[in-house]
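Enquirer: One structure is given below, represented as structure tokens, and several questions about it will come after.
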Amino acid sequence: MMTWSPDLVNGVWMRVKWTRKALINLDNAVAFIAADKPAAATNVALKIFNAAKMLAGQPGI
């Protein structure tokens, strides 16, 4: 399981936890995209990881 704790929010560290299933699903989706467009697959993966990091800093959304 992956976790991030990038931001201190209201005095509390927030974490995003990735379950094994979520990581497998992400890996499968990225592999599917990479079969046709490897660069696009990398961009998709980065966008998803960056969005998850932002959730740690914006737990109210």
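Enquirer: Taking the range 43-57 as the search range and keeping residues that are closer than 16 Å to residue 31 by Cβ and more than 8 Å from the chain's Cα centre (by Cα), which one is surrounded by the fewest Cβ atoms within 10 Å (Cβ to Cβ)?
Expert: Checking each candidate, the answer is 43.
Enquirer: Still on this structure, please answer the following. Do you know which of the residues in the range 13-29 that are of a type in the set (A, V, I, L, M, F, W, C) and free of Cβ contacts under 8 Å to residues at least 12 places away in the same chain is nearest to residue 53 (Cα to Cα)? Reasoning before the result, please.
Expert: Taking the range 13-29 first, the residues of a type in the set (A, V, I, L, M, F, W, C) are 13-14, 16, 18, 22-24, 26, 29.
Still in the list and also free of Cβ contacts under 8 Å to residues at least 12 places away in the same chain: 13, 22, 24.
Values: 13: 12, 22: 15, 24: 18 Å.
By that ranking, first place goes to 13.
Each reported figure results from applying straightforward, stated rules to the coordinates on display, with no laboratory input. Everything numeric here is computed off the predicted structure, so don't read it as measured data. Every residue, glycine among them, receives a Cβ derived from its backbone with ideal geometry; neighbour counts consider all protein chains shown.
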